[in-house]
Amino acid sequence: MIYTQVASFIYKAGAVSVTNLDFELFRDYLEKQSGILLGDNKQYLVKSRLSPLMTQFGIESLSELVTRAMNVRERELKMAVVDAMTTNETLWFRDTYPFQLLSDKIFPELGKSGRTIKIWSAASSSGQEPYSIAMTALEQQVKRPGSMPGGVQIVGTDISSTMLNQCKEGIYDSLALARGLSPERKRLFFEPYGDNKMRVVERVRKLTSFRPLNLLESYSLLGKFDIIFCRNVLIYFAPEVKSKILNQFASSLNPGGYLMLGASESLAGLTDKFEMIRCNPGIVYKVK
């Protein structure tokens, strides 16, 4: 393809421009770095998310951005690019049924062992998922005393350093608190923190820890888990990347461990290491 044929499609934002050719170069870079697969005709998304960053770093084209971000000394830029392109749409107790499954089925079953139940939130975003799991565990201990003698340990990971910092702080504004959180849970598990903000209480925070992880890399240093949450993440990856991640999840689970995916996600044609269990409501996958 001749550059002049594709350069006619240009978005401008101040001194920043995005051409079709630059978009293809950036799309390849992003997939290799994070596994995120941008669809066709997403130039507008790249422009809207990267224009402020490119202005900040004095970068005039995506090709220049990719060249600089590939330099090992440009760690700050590389992290900023991933932060900008990562979708961090989340809410408390998302879809409800995964947390109901924890209470009704998974916690009672795994609690019989007497040991600590280890849980991994594999894309913790701004923290709502791991903290929702922790709240569910505390509610379970009140509802069924003695059913989880070893308690739970929850590890949240994310590729975005910005999101991990928010997870660790556990501080949310009124808009974030209004998304999926009941008044009763807000009363039980949050405390006022500054103007129009609240913080997750210590007894919830102490059940969680957070660390950076790219799902394209090895998970061996995390250890083994009884439950893995990876919800509404695989939809952004190519099929071969999905397959690799799912097989790594299987290796990261203890025998009889569970994998929780998003409502629209499926393992079909990607791995044979899990069996699907239909519940009422929802679906969960158990490692073979």
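The values are calculated or read from the model by the stated rules, or taken from the named source; none is laboratory data. Because the structure is a prediction, the values reported are computed rather than measured. Every residue, glycine among them, receives a Cβ derived from its backbone with ideal geometry; neighbour counts consider all protein chains shown.
Here are some notes:
- Subset of the stretch 189-217 (residues that are out of contact with any Ser or Thr (no Cβ under 7 Å at 6 or more places or on another chain) and free of Cβ contacts under 8 Å to residues at least 24 places away in the same chain): 190, 191, 192, 193, 194, 195, 201, 202, 206, 217
- On the stretch given as the stretch 248-269, residues that are at pLDDT below 95, over 20 Å from the mean Cα position of the chain (by Cα) and at negative phi total 1.
- Flag if residue 161 is surrounded by fewer than 21 Cβ atoms within 10 Å (Cβ to Cβ), touching a strand residue (DSSP E or B) at 6+ places or on another chain (Cβ under 8 Å) and modelled with pLDDT under 95: yes
- Test: residue in the stretch 167-174 that is hydrophobic (A, V, I, L, M, F, W, C), in contact with a Lys or Arg (Cβ under 6 Å, 6 or more places away or on another chain) and at pLDDT 95 or above: yes
- Of all residues in the stretch 241-288 being assigned to a loop (DSSP other than H, G, I, E, B) and among the polar types (S, T, N, Q), the one that is farthest from residue 214 (Cα to Cα): 280
- Complete set of residues in the stretch 169-208 that are part of a loop (DSSP other than H, G, I, E, B), touching a helix residue (DSSP H, G or I) at 6+ places or on another chain (Cβ under 7 Å) and either surrounded by 13 or more Cβ atoms within 10 Å (Cβ to Cβ) or of a type in the set (Ser, Thr, Tyr) (or both): 170, 201, 207
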